[in-house]
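Derivation of every value follows stated rules applied to the coordinates shown; laboratory data play no part. Keep in mind that what you see is a predicted model, and the values were worked out from it rather than measured. Glycine gets a Cβ as well: all are built from the backbone with ideal geometry, and neighbour counts include every protein chain shown.
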Amino acid sequence: MKNQIILLSLLFVLISCSKKEEVKSFPFDDFVISSAGLHHLTSLKFTKSDTIYFQKRYPEPIENSYTILKSAEREKLSKLFNGINFIKFDNDYAQENLYDGQAYLLNVSIKDKHKRIFLYGNVIPKELKTFIDSLGKIKANLKFLPTKKVVDFGDLGYLIPPPSPPRPEKIHFVN
C-alpha cells in the first residue's frame, strides 16, 4: 500500500511538472498602427500587457475602446510581432503623385528608442503589407468595448488632415 501511494505521488509530481509552453512577450514597449483613408482614421495600440486599445478618430466623434486578449490571440500576435524586424525598414514609403490613397503609420517604441514608418500607396514592402493584413484579420475577430480612458496613440500628424476653413457668415454677391 505504501509503495502504491509513493508511486502515485511520484506520478502526480511528474504530471504536474510537465513543461507548459510559454508565450513570448511582445518585442516592444508600445506599438501603434494607424490607418487613414478617405472615409476613416483609426489606430490600434499594443503594449506588453494583454490589453489592446482602439481609437476611431474619423468620422467623428472620436471613440476609444479596448479588448483583453485571450491566450490564443496573444500567442498569434506574439508570433506575428516576433517575426518582423521593424528596424530594417526605411522611415518613409510614399508613392509619388498619388492623392487620397490608403496610408498607414507604424510607431514602435523599444526602451528609449522610437521608430516611425509611414506607408502610402502601392510602394509598401511586401513583408509589411503581409504584416498589416495579418493584423487586420486578427483585429476583425476581436470584440472591443467602449472606454472613457484617455489613451495616447502618439503623434498622428502624418495622417490627420488640416482643419477645414471657417464658413463665412454671409456670402456677398457682387453685381
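Putting +1 on Lys and Arg Cβ atoms and -1 on Asp and Glu Cβ atoms, find which of ILE138, ASN64, PRO125 reaches farthest to the positive end of the dipole of the stretch 23-146. Positive-most Cα among the choices belongs to ILE138. Between amide H atoms placed 1.01 Å from N, distances below 5 Å from ASP29 occur with SER109, ILE110, LYS111, all of them 5 or more places distant or on a separate chain.
For the residue pairs LYS56/LYS88; LYS70/LYS137; LYS88/LYS143; LYS56/LYS170, the C-alpha atoms sit more than 27 angstrom apart in LYS56/LYS88; LYS88/LYS143; LYS56/LYS170.
In percent, rounded to a whole number, the relative contact order of the stretch 23-146 is 28, using alpha-carbon pairs under 8 Å and six or more apart.
Placing +1 on each Lys and Arg Cβ and -1 on each Asp and Glu Cβ, with no other charges, gives the stretch 23-146 a dipole about its Cα centre of roughly 500 debye. For a label point 7 Å from the Cα of ILE138 along Cα→C-beta, name the residues of the stretch 51-76 whose backbone N is under 17 Å from it. Taking a point 7 Å out along Cα→Cβ of ILE138, the residues of the stretch 51-76 whose backbone N falls under 17 Å are 51-55, 66-76. Model label sites at THR147 and PHE173, defined 7 Å from Cα along the beta-carbon direction, differ in position by 5.4 nm. Within 10 Å of each residue's Cβ, count the other Cβ atoms and sort TYR99, TYR93 from fewest upward. Taking fewest neighbouring Cβ atoms as first place, the list is TYR99, TYR93. Here is the list for the stretch 38-110: trypsin sites (Lys or Arg not before Pro) lying in DSSP coil, each with at most 16 other C-beta atoms within 10 angstrom of its C-beta, are LYS48, LYS70. From the square roots a ≥ b ≥ c of the eigenvalues of the alpha-carbon gyration tensor of the stretch 23-146, which class results: rounded (a/c under 1.5), prolate (a/b over b/c), or oblate? The shape class here is oblate.
Per-residue Karplus couplings for the stretch 115-123, computed as 6.51 cos²θ - 1.76 cosθ + 1.60 with θ equal to phi - 60°, are listed in order as 10, 10, 10, 9, 10, 8, x, 9, 10 Hz, Gly and Pro entered as x.
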